[in-house]
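Taking it in order: structure first as structure tokens, then the write-up.
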Amino acid sequence: MAVDCCADESGEERMRTGRSGQELRVGLGGDVVRMHVGRQLGELDEAAIGRGAGEAEPGLLELGPVLIVDLVAVAVTLVHLKGSIGTGDDRAFDQLGRVGPQPHGATEVSSAIDNLGYYFAPDPASGKACSIGGNVGENAGGPHCFKYGVTSNHVLGMEVVLPDGEITWLGGKALDTPGLDLTGVFVGSEGTLGIATKIVLRILHKPEAVKTMLAVYDSIDDASNSVSAIVSHKMVPATLEMMDNLVIQAVEQSMAAGFPLDAAAVLLIELDGLKDGMEEMADEIVEICKENNVREIKVATCEAERAALWKGRKGAFGAIARLSPNYMVADGCVPRTKLPETLRYCKEIGDKYGLRTANVFHAGDGNLHPLILFDSRNPEDKEKVLKAGMEMLQVCADMGGTVSGEHGVGIEKAEAMHMVYNEKDLLAQEWVKDAWDPKDLANPGKILPQRLIKREEAHVS
Ligand SMILES: Cc1cc2nc3c(=O)[nH]c(=O)nc-3n(C[C@H](O)[C@H](O)[C@H](O)COP(=O)(O)OP(=O)(O)OC[C@H]3O[C@@H](n4cnc5c(N)ncnc54)[C@H](O)[C@@H]3O)c2cc1C
């Protein structure tokens, strides 16, 4: 049986049933539909994958026929602006209303509240395309997360459909709720504990002033060392983003962002906050960069220049298409001081497999994104790129870092969890999963590697 359930503009449910295939597609919209999904998840006993905009989803296609819950419609019912903003509550909740078929990504949320003087801090570079539900699923980060923290720091509560179909609330509208932090457990669980259908977001006042600079380097090490030096001088810029020469080439071919083509690396540094003291902070950062052999520092003198720099940074992943038909993102984290070494090792791994690597990443967070370029039409390339990706994650783990910064573990990196967790750690996480989802229906196979707990041991009927 195929069930196709979605909502129209008024949130009313339309439901069609058919007889073809084993894949069930369910779209969520208004409350009525949410109830139906709850019932379906509860009654069908089918494994289900929550799908936002599909910007993360490592491994989706490998699962085979499952119930796919299309969460894009959910994402457009997340934010309600009336009554809370401007009254001192500083949070957005419930329904903004359906504004179109596009997913409600972080960028759209910030645009919607911009004229009220607020914004939503987590800003994944994919913000225009991804959904807030997906950001919650992945605990997404972004350039501004260095100063402001990732999605989990900006979600106060959620309505969720649990894997057995029950609809409940985690957290709420208060800054803190007593008891165990179940909202924290849910954020970043990649849809393995259920589906968020309403999300209460913490929003921030827009800063009084912003200053954006581009520091240009002849060596990646100098750029990386500048990042550590800035932080060790107790400076907390809003962003510290790095791009290497291959990325610069790709960006400049695809748009004029103003990145020098011969630079080994550039750092995009943005300061925000009160006007008072900002010039002094900028001067101090310039000095630190000079001590680390910066070649040149350009300061954006107007909004158009700032926008061009950001367009270059946010368009960097897409621009890589100029260089290669495909790329794989190896998303891992290392302590900032280990950046130069880690980048060198990643390049060596790429070279070993004859694959080019390009780097654009959240340097302030030590969150690397080696983009491994390949051609999927070549089966050998596919095998090599997966091996190279795993080896790069191992390097991150060996450096004292971890195997996912923000893009999630999914299926593809589940085995990499062994690089950072021992059996006891993994078992502890499995018990949490089993408590929420004893039948393993929500996003089965994601995050946790080969299950250690036998079902009967987990007291599952
Ligand atoms: C070009 C590019 C740039 C990127 N830049 C960044 C970046 O700067 N920072 C960053 O963090 N990520 C980045 N990403 C990764 C990706 O965009 C994020 O992980 C994003 O949060 C995924 O959102 P989505 O709507 O596409 O989710 P999907 O890929 O559809 O889903 C992601 C996971 O969340 C689960 N999920 C989806 N909706 C819900 C829900 N409502 N409730 C519970 N679980 C749910 C899904 O089941 C899945 O496991 C980038 C990706 C691309 C392609």
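Observations
- Sequence-separation-based contact order of the range 209-318, relative, with Cα cut under 8 Å and 6+ spacing, percent: 44 percent
- Rh by Kirkwood over Cα pairs, then Stokes-Einstein D for the range 209-318 at 1.002 mPa s and 20 °C, µm²/s: 155 µm²/s
- The range 324-415: relative contact order in percent, alpha carbon pairs under 8 Å with at least 6 residues between: 40 percent
- Ranking of Val200, Val420 by count of other Cβ atoms within 10 Å, fewest first: Val420, Val200
- Rh (Kirkwood; distinct C-alpha pairs) - the range 119-236, Å: 16.3 Å
- Once the Cβ-Cβ distance of Lys387 and Val432 is raised to the sixth power relative to R0 = 35 Å, the FRET efficiency obtained is 0.70.
- Lysines whose Cα lies under 26 Å from that of Lys439, excluding same-chain neighbours fewer than 8 positions away: Lys198, Lys413, Lys424, Lys454
- In a reduced charge model with +1 at each Lys and Arg Cβ and -1 at each Asp and Glu Cβ, the range 324-415 shows a dipole moment near 180 debye about its Cα centre.
- The slack in the chain from Glu208 to Glu305, taken as 0.36 nm per residue of separation less the alpha-carbon distance, amounts to 33.1 nm.
- Value of relative contact order over the range 161-244, rounded to a whole percent, pairs C-alpha under 8 Å and six or more apart: 23 percent
- Distance from the range 214-288 to the range 296-374 (C-alpha centre basis), Å: 13 Å
FYI, it's all coordinate maths here, none of it is from the lab. Just so you know, these numbers come straight off a predicted model, no measurement behind them. Using ideal geometry, Cβ is built from the backbone for each residue, glycine included, and neighbour counts are taken over all protein chains shown.
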